[in-house]
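The values are calculated or read from the model by the stated rules, or taken from the named source; none is laboratory data. Computed from a predicted model, the values in this text were never measured in an experiment. Don't worry about glycine lacking a Cβ; one is built from the backbone with ideal geometry, like all the others, and counts go over all protein chains shown.
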Ligand SMILES: NC(=O)c1ccc[n+]([C@@H]2O[C@H](COP(=O)([O-])OP(=O)(O)OC[C@H]3O[C@@H](n4cnc5c(N)ncnc54)[C@H](OP(=O)(O)O)[C@@H]3O)[C@@H](O)[C@H]2O)c1
């Protein structure tokens with residue numbers, strides 16, 4: 001079988017993880033990288049042994065030698081470059097969050113239909129065996145009746161001039177890390193929230209640095225999460241049912257990029273570890289997309305689900321801003 005040929009646009013901090021993922025794949029190969037700056041593209045290509053370097057994203061999209069594009073740009077550029085890549089006839093893996101508005105996701109959905117190509121959002125954690133096992137246990141009744149889910153994702157953001165602190169670039173901890181517990185809760189519920197509530201601390205540019213949200217699902221499941229840029233590294237999910245609680249200690253970015261996966265079942269005061277395997281979830285993510293392209297399998301994450309996630313994030317953001325008289329509008 002011919003390998004699917006991948007190109008990266010935006011060789012920044014996260015892109016080397018997709019280099020790693022593809023280096024372990026038999027059906028995909030990384031053949032090109034594009035930067036706004038040709039020298040940066042060349043340096044990245046030399047560092048990772050990539051054949052072709054381009055000094056603009058458009059040049060990469062024009063190349064007939066690229067089948068799949070990985071969009072690893074700051075948030076405000078995701079929708080634009082995903083649509084452009086689809087229009088150029090490429091399949092797309094775009095980093096989370098797929099877009100910053102529902103209208104942008106709709107443009108992506110239309111472009112994917114128009115081009116007959118697949119676009120997926122890069123929520124790697126959905127492909128990890130610990131996530132799949134946690135959803136199975138919760139849905140199969142191992143925890144009893146589900147009451148609520150609680151999620152946490154924070155870290156101290158110290159990089160100077162980081163796009164994540166820029167309100168014009170889709171900055172804010174909700175979009176950067178809060179999107180994970182929101183996605184987790186929606187996927188666990190298997191439904192979309194009918195109500196959301198949120199509170200946030202904004203910095204002086206109007207970007208949320210600490211965010212707390214609550215969601216009510218139509219089946220009664222409650223969800224609560226916090227996220228932030230102003231607290232130490234914290235990552236956890238707890239799913240609470242009438243009989244037991246399941247705690248995931250590294251639910252979003254486990255090994256090889258964080259602590260090993262850890263799933264613990266709590267019944268009363270006793271805890272039992274739940275066996276889960278470890279893998280590179282970025283590799284699972286690229287393989288999932290390549291199966292969809294080559295074999296026609298359903299991707300692990302649909303554009304409709306990504307649309308609903310973006311809609312929920314927008315609603316949470318608006319609610320938090322509406323509660324603050326001094327919060328600049330989004
Ligand atoms: N899935 C995950 O685990 C994970 C983890 C971290 C981040 N992410 C997501 O991945 C995306 C990229 O994150 P990152 O940390 O890699 O971002 P980054 O390093 O800040 O930026 C990525 C690249 O975007 C390009 N770029 C284009 N326009 C830019 C602009 N106006 N300002 C700054 N850079 C610009 C730059 O490449 P050139 O200038 O060379 O073209 C830059 O290297 C984000 O959406 C983030 O949410 C995902």
(Q) For region 110-155, which positions are in a helix (DSSP H, G or I), in contact with a strand residue (DSSP E or B) (Cβ under 8 Å, 6 or more places away or on another chain) and more than 30 Å from residue 256 (Cβ to Cβ)? (A) 111, 112
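Per-residue answers, yes or no, for (1) more than 23 Å from residue 84 (Cβ to Cβ); (2) buried (at least 20 other Cβ atoms within 10 Å of the Cβ):
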{"site": "25", "(1), (2)": "yes, no"}
{"site": "37", "(1), (2)": "no, no"}
{"site": "45", "(1), (2)": "no, yes"}
{"site": "48", "(1), (2)": "yes, no"}
{"site": "56", "(1), (2)": "no, no"}
Q: With a cut-off of at least 3 residues that are in the same structural domain as residue 159 (by TED's automatic domain parsing) and free of Cβ contacts under 8 Å to residues at least 24 places away in the same chain, name the strands (runs of 3 or more DSSP E) lying wholly within region 178-289.
A: 208-216, 270-273
(Q) Please go through region 313-330 and give me each residue that is touching a helix residue (DSSP H, G or I) at 6+ places or on another chain (Cβ under 7 Å) and at pLDDT 85 or above, ordered by number. (A) 313, 314, 316, 317
(Q) I need a count of the residues in region 90-109 that are away from the ligand (no atom under 16 Å from the Cβ), assigned to a helix (DSSP H, G or I) and touching a helix residue (DSSP H, G or I) at 6+ places or on another chain (Cβ under 8 Å). (A) 4
Q: Please enumerate the residues belonging to region 1-46 that are within 19 Å of residue 93 (Cα to Cα), more than 7 Å from the ligand (Cβ to nearest atom) and without any contact (Cβ under 8 Å) to a residue 12 or more places away in the chain.
A: 23
Q) Looking at (1) buried (at least 16 other Cβ atoms within 10 Å of the Cβ); (2) under 20 Å from the mean Cα position of the chain (by Cα); (3) under 22 Å from residue 161 (Cβ atoms), which is the one condition that is false for residue 202? A) (2)
Q | Residue match in region 157-170 (condition: surrounded by fewer than 18 Cβ atoms within 10 Å (Cβ to Cβ), more than 16 Å from the ligand (Cβ to nearest atom), at pLDDT 95 or above and assigned to a loop (DSSP other than H, G, I, E, B)) | A | no
Q) In this structure, is residue 79 touching a strand residue (DSSP E or B) at 6+ places or on another chain (Cβ under 6 Å) and not in a strand (DSSP E or B)? A) no
Q.
From the list 134, 99, exactly one residue is in contact (Cβ under 8 Å) with a residue 40 or more places away in the chain, farther than 30 Å from residue 59 by Cβ and buried (at least 21 other Cβ atoms within 10 Å of the Cβ). Which is it?
A. 134
Q) Can you pull out the residues in region 287-311 that are farther than 13 Å from residue 123 by Cβ and crowded, with 23+ Cβ neighbours inside 10 Å? A) 290
**Q.** Odd one out for residue 219, checked against (1) over 21 Å from residue 14 (Cα atoms); (2) in contact with a strand residue (DSSP E or B) (Cβ under 7 Å, 6 or more places away or on another chain); (3) surrounded by fewer than 21 Cβ atoms within 10 Å (Cβ to Cβ)
**A.** (2)
